[in-house]
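Chemist: To start, I am sharing the structure in question, which I have written as structure tokens.
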Amino acid sequence: MKKLMYLPWIVVLVVLLTGAKPSSSVALVVCAPGYPGNTEQAQPTMDAFAENVESLTGWKKGRLTATYFETAAAGIEAMKAENAAVALVPLSLFAQQADALELEPRLLAVPNTGPVEAWTLVAPQGTAAEPRSLDGWEVASRAGYAPEFVRGVVFEGWDLPETANIEFTTRIVSRLRKAATGENVAVLLDGEQSAALGSLSFAKDLEVVFTSKPLPAFVACTIGDRLDEKDAAALFEALLELDDEKGGADVLEQIRLVRFETLDDVRIDQIESVRERAANRN
């Protein structure tokens, strides 16, 4: 059994908990902007996820429910609800909403590419040797809905021109194809997308012009002080144990995760730095 060292992701998760009383219902919402699927398609998987986690908490059957939201707007609205107590989100959404929603990091959610990922900027071959080359360009990304994260966190130390237009897109391959034909388009890829870049037939017409420092992929957070610590301990301990339980690894795979991990002091400091840098871009 893993030991929970710190108690205060595919794929976006957001977990909503009432936590006011020991018998209160617990609602879990998965939010992953730019990832495949929608609420209706994901519901059977969410039901299985909730059932597996619930079985490890010792809670009464049916106390935990789960729902998925595929857009940032829907996930943010869910986190504003009165019963929202815990969020599990991609780092980009954490960076954008940490202060507004009083998010505090508690665990890492680990995709199959690992607990951290480097973001990669890809541009047409031979066109963007320096940041200033992107003056007036489109910079498209799955994280484009959070420009404060892109500019303040991903591009730290690499001065992306203010005239570059950061755009959110779910059509990454389409944007890469435009870049490959020489259009003024650069594409910012996360770890999963970067790993797949070489499989594209037109990859030879693209080049990597920037790679970020490794950053956590997804984080589990509390929202304010809405969650009772006893319930928080039970929930987070269950998440840490999930990959070791029968059926747990399978349901994690269905939501594009491998496991959950504790946050050590290094990761906590790194995530808090992300919060500060993103806030400075607002």
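Chemist: Convert each backbone phi in the stretch 117-130 into a coupling constant with the Karplus relation 6.51 cos²θ - 1.76 cosθ + 1.60 (shift: θ = phi - 60°), then list the ³J(HN,Hα) values in order as whole Hz, x for Gly and Pro.
Modeler: 3J(HN,Hα) across the stretch 117-130, in whole Hz: 9, 9, 8, 10, 9, 10, 9, x, 3, x, 10, 9, 6, 10.
Chemist: Amide H to amide H, which residues 5 or more places from GLU207 or on other chains are under 5 Å from it, using H placed in the peptide plane?
Modeler: Long-range HN contacts for GLU207: ALA123, GLN125.
Chemist: Something else about it: Return the long-range amide H neighbours of ILE166 (sequence gap of 5 or more, or a different chain), with a cut-off of under 5 Å between placed amide H atoms.
Modeler: VAL139
Chemist: Determine ³J(HN,Hα), in whole Hz, for all residues of the stretch 81-88 in sequence, where each value follows from phi through the Karplus function 6.51 cos²θ - 1.76 cosθ + 1.60 and θ = phi - 60°; x replaces Gly and Pro.
Modeler: Coupling constants for the stretch 81-88: 4, 4, 8, 6, 10, 9, 10, 10 Hz.
Chemist: Which whole-number percent gives the relative contact order of the stretch 100-186, counting Cα pairs below 8 Å spaced six or more residues apart?
Modeler: Normalised by residue count, the contact order of the stretch 100-186 is 36 percent.
Chemist: According to the Kirkwood expression over distinct Cα-Cα pairs, how big is the hydrodynamic radius of the stretch 132-282, in Å?
Modeler: Roughly 18.0 Å, rounded to one decimal.
Chemist: If we sort 251-263, 192-204, 88-100, 24-36 on the protection proxy, mean other Cβ atoms within 10 Å, highest first, what's the order?
Modeler: The densest-packed peptide leads the list: 88-100, 24-36, 251-263, 192-204.
Chemist: Express the accessible area of the chain per residue in Å², computed with a 1.4 Å probe while the remaining protein chains stay in the model.
Modeler: Accessible area per residue: 44 Å².
Chemist: Need one number: % antiparallel among DSSP beta bridges in the stretch 65-221, to the nearest 5.
Modeler: About 70 percent, rounded to the nearest 5.
Chemist: Taking Cα centroids, how far is the stretch 109-144 from the stretch 205-271 in Å?
Modeler: 23
Chemist: Do the alpha carbons of any pairs in LYS80/LYS246; LYS80/LYS230; LYS80/LYS213 sit beyond 28 Å of each other, and which pairs?
Modeler: Too far apart for the 28 Å limit: LYS80/LYS246; LYS80/LYS213.
Chemist: How many percent of the accessible area of the stretch 78-197 is carbon or sulfur, using a 1.4 Å probe?
Modeler: Looking at the stretch 78-197 in its full context, I get 44 percent from C and S.
Chemist: Can you tell me how the stretch 206-282 classifies by the Cα gyration tensor, rounded, prolate or oblate, using a/c under 1.5 as the rounded cut?
Modeler: oblate
Chemist: Given the stretch 58-182 reduced to its alpha-carbon atoms as identical point scatterers, what log10 I(q)/I(0) does the Debye formula return at q = 0.16, 0.19, 0.22 Å⁻¹?
Modeler: Cα-only, vacuum Debye calculation for the stretch 58-182: -0.93, -1.20, -1.43.
Chemist: OK, next. Give me the Debye-computed log₁₀ of I(q)/I(0) at q = 0.13 Å⁻¹ for the chain, equal point scatterers on Cα only, no solvent, two decimals.
Modeler: -0.83
The values are calculated or read from the model by the stated rules, or taken from the named source; none is laboratory data. Just so you know, these numbers come straight off a predicted model, no measurement behind them. Positions of Cβ are generated from backbone atoms using ideal geometry, with glycine treated the same way; all protein chains shown enter the neighbour counts. All accessible areas refer to the heavy atoms of the entire protein, side chains included, with ligands and DNA or RNA removed. Shrake-Rupley method; radii C 1.70, N 1.55, O 1.52, S 1.80 Å.
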